[in-house]
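The values are calculated or read from the model by the stated rules, or taken from the named source; none is laboratory data. Keep in mind it's a predicted model, so treat the numbers as computed, not measured. Cβ: placed from backbone, ideal geometry, glycine included. Neighbour counts: every protein chain shown.
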């Protein structure tokens, strides 16, 4: 390999929510980037994030070892961002979070990559006993560190930013329905800005933090699930009833929705996750396995949510945000 050329980074899942932020960041820093995805034909927009030929989508399937090996061949840095929130078809938690992550780690080790960065999720160690998703993520972390002991693992909390999955979904539901279910309203969350997570991933790839460690990433605000829902209503300029729903009833409803032929709004496994606090642990803070290790000051929701949640107001950006009251807004 020509070591005078810019370093090559292979990013599995590089066309997703976090991936597109990371690709843009690394492209600006001059890296050559392979965006490893199952459908390269659907990831063509990532080419625009860099100069001509700097960003190249490449086919890779975590259930196909040969494709993973091709994707990492010659890479200096490998990043794995692949994850699924619910199981569907062949996309099973174990297949993606454990077996797929293991394949990537082994391939990275075999090709001589200098760094491997693996994205997991905050709280999986606490939720593994009640959630198949969390258990698979935790098992995947162990498998990655066994195959590539110098890997860096990041556990971000629920993420916010343009195009996020949680705040946009809740904003849409608030626009459509007069009543919103509230499941495990007292559970604590520490939402984190996707741009901060991308920056931490980039710094980890560059060797800015100690390797072989698990870092927990949370934002500056710790809020209950109920407080987050009320924040969303304020940002969306909507006054809606939050109806507390027992976990058992929520799982029953999730099972019924799971019969329908489209992506479920929530699964029984996700209901279980909602019952477990999702905040940075005291151990991680004590060991400085947080944003502090990266020299990053996390961004608050107040700085970012207003930049895109206005879309869910009755009159869009023409509704003044300061018209909202603490429990909703003047709009219906």
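Of the residues 235, 199, the single one that is outside any loop (DSSP other than H, G, I, E, B), surrounded by fewer than 23 Cβ atoms within 10 Å (Cβ to Cβ) and touching a residue at least 12 places away in the same chain (Cβ under 8 Å) is 199. What number of residues within region 252-281 satisfy the criterion of being part of a loop (DSSP other than H, G, I, E, B) and more than 30 Å from residue 217 (Cβ to Cβ)? Total satisfying the criteria: 5. Note on region 293-305: residues that are surrounded by 11 or more Cβ atoms within 10 Å (Cβ to Cβ) and either more than 20 Å from the chain's Cα centre (by Cα) or not in a helix (DSSP H, G or I) (or both) total 5.
So that you can scan it fast, the table gives a plain yes or no per residue for (1) modelled with pLDDT of 95 or more; (2) under 20 Å from residue 115 (Cα atoms):
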residue: 17; (1), (2): yes, no
residue: 36; (1), (2): yes, yes
residue: 44; (1), (2): no, no
residue: 50; (1), (2): no, no
residue: 77; (1), (2): yes, yes
residue: 87; (1), (2): no, no
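For residue 302, the requirement of being over 15 Å from residue 172 (Cα atoms) and modelled with pLDDT under 95 is not met. When each of 170, 162 is tested for being farther than 20 Å from residue 127 by Cβ, buried (at least 20 other Cβ atoms within 10 Å of the Cβ) and out of contact with any strand residue (DSSP E or B) (no Cβ under 6 Å at 6 or more places or on another chain), the lone residue that passes is 170. Considering each residue of region 180-195 in turn, at least one proves to be crowded, with 23+ Cβ neighbours inside 10 Å and over 22 Å from residue 265 (Cα atoms).
Any residue at all in region 99-107 that's under 15 Å from residue 216 (Cα atoms) and surrounded by fewer than 21 Cβ atoms within 10 Å (Cβ to Cβ)? Checking region 99-107: not a single residue is under 15 Å from residue 216 (Cα atoms) and surrounded by fewer than 21 Cβ atoms within 10 Å (Cβ to Cβ). If you go through region 202-222 and keep only what is surrounded by 23 or more Cβ atoms within 10 Å (Cβ to Cβ) and outside any strand (DSSP E or B), you end up with 204, 205, 218, 219. When 151, 134, 142, 147 are checked against the criterion of being surrounded by 23 or more Cβ atoms within 10 Å (Cβ to Cβ), under 23 Å from residue 215 (Cβ atoms) and over 18 Å from the mean Cα position of the chain (by Cα), a single residue qualifies: 151. Residues in region 27-51 that are assigned to a helix (DSSP H, G or I), touching a strand residue (DSSP E or B) at 6+ places or on another chain (Cβ under 7 Å) and closer than 22 Å to residue 62 by Cβ: 40, 44, 46. Residues that are closer than 30 Å to residue 272 by Cα and part of a strand (DSSP E or B) do not occur anywhere in region 16-26. Specify which of the listed residues (289, 240, 230) is buried (at least 20 other Cβ atoms within 10 Å of the Cβ), under 16 Å from residue 190 (Cα atoms) and either in contact with a strand residue (DSSP E or B) (Cβ under 7 Å, 6 or more places away or on another chain) or touching a residue at least 40 places away in the same chain (Cβ under 8 Å) (or both). Exactly one residue qualifies, and that residue is 289.
When you scan region 40-56, do you find a residue that is crowded, with 18+ Cβ neighbours inside 10 Å, closer than 23 Å to residue 165 by Cα and out of contact with any helix residue (DSSP H, G or I) (no Cβ under 7 Å at 6 or more places or on another chain), even just one? Within region 40-56, one or more residues are crowded, with 18+ Cβ neighbours inside 10 Å, closer than 23 Å to residue 165 by Cα and out of contact with any helix residue (DSSP H, G or I) (no Cβ under 7 Å at 6 or more places or on another chain).
Per-residue answers, yes or no, for (1) over 19 Å from residue 199 (Cβ atoms); (2) surrounded by fewer than 18 Cβ atoms within 10 Å (Cβ to Cβ); (3) modelled with pLDDT of 95 or more:
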{"position": "278", "(1), (2), (3)": "yes, no, yes"}
{"position": "313", "(1), (2), (3)": "yes, no, no"}
{"position": "318", "(1), (2), (3)": "yes, yes, no"}
{"position": "321", "(1), (2), (3)": "yes, yes, no"}
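Do we find a residue being surrounded by 24 or more Cβ atoms within 10 Å (Cβ to Cβ) and out of contact with any strand residue (DSSP E or B) (no Cβ under 6 Å at 6 or more places or on another chain) anywhere in region 77-97? Checked region 77-97: at least one residue is surrounded by 24 or more Cβ atoms within 10 Å (Cβ to Cβ) and out of contact with any strand residue (DSSP E or B) (no Cβ under 6 Å at 6 or more places or on another chain). Summed over region 60-83, residues that are free of Cβ contacts under 8 Å to residues at least 24 places away in the same chain and outside any helix (DSSP H, G or I) total 2.
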